[in-house]
Amino acid sequence: MRRERDRGGRRQRLGQHGMVTVEMAFAALGLGVAMVFCVGILAVSVGEVRCVDAASQIARQAARDDLGAIAEVEHSLPDSARVDITRDGGQVTVTVSWPMRPWGGWLPAFTVHATAAIADEGGGS
């Protein structure tokens, strides 16, 4: 049987003093893991928006045959991003893919990609 002690009109069981501390430690750890997960998901979402924006900009510039503007947009992308431009039947299609590692090297990479298509204004090549 556990001993009980009277503390200010309340009875408290002896031997359970550190329980709240352990629970708070686990809660803080869980909160930290959740925060890291949320920041990673936010980074992937921002990466996808960057791919969509780059694909549409490159498609517009490729339709006009503006190689300087295409190079400028490609330069603004990370080195690991890949840009594919295809012309088919009077249409320019651009696909931008970017393998992202929002949590460093200890979790798998996410590949975000976007595709944009527009009518070819320059007559194609």
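Bear in mind these aren't lab numbers, they're just calculated from the coordinates by the rules spelled out. Everything numeric here is computed off the predicted structure, so don't read it as measured data. Neighbour counts run over all protein chains shown; Cβ positions are idealised from the backbone, glycine included.
Before moving on, here are some points about what is shown:
- Label-to-label distance for residue 88 and residue 20 is 6.6 nm, based on points extended 7 Å past Cα in the beta-carbon direction.
- Extension gain from residue 76 to residue 106, taking 0.36 nm per residue of separation minus the Cα-Cα distance: 8.2 nm
- Dipole magnitude for region 16-119: computed about the Cα centre from +1 point charges on Lys and Arg Cβ and -1 point charges on Asp and Glu Cβ, it is near 120 debye.
- Vicinal HN-Hα couplings computed from phi for region 40-49 (Karplus, 6.51 cos²θ - 1.76 cosθ + 1.60; Hz; Gly/Pro x): x, 5, 5, 5, 5, 5, 5, x, 5, 4
- Remark: spin-label model distance residue 64-residue 37 equals 4.5 nm, labels positioned 7 Å along the Cα→Cβ axis.
- Placing one equal scatterer on every Cα of region 24-86 and applying the Debye formula, the log10 ratio I(q)/I(0) at q = 0.14, 0.16, 0.22 Å⁻¹ is -0.53, -0.61, -0.87.
- Working note: Debye formula, equal point scatterers on the alpha-carbon atoms of region 20-125, no solvent; log10 I(q)/I(0) at q = 0.15 Å⁻¹ is -0.67.
- Summary of packing: across the peptides 40-50, 22-32, the per-residue average of other C-beta atoms within 10 Å ranks them, highest first, as 40-50, 22-32.
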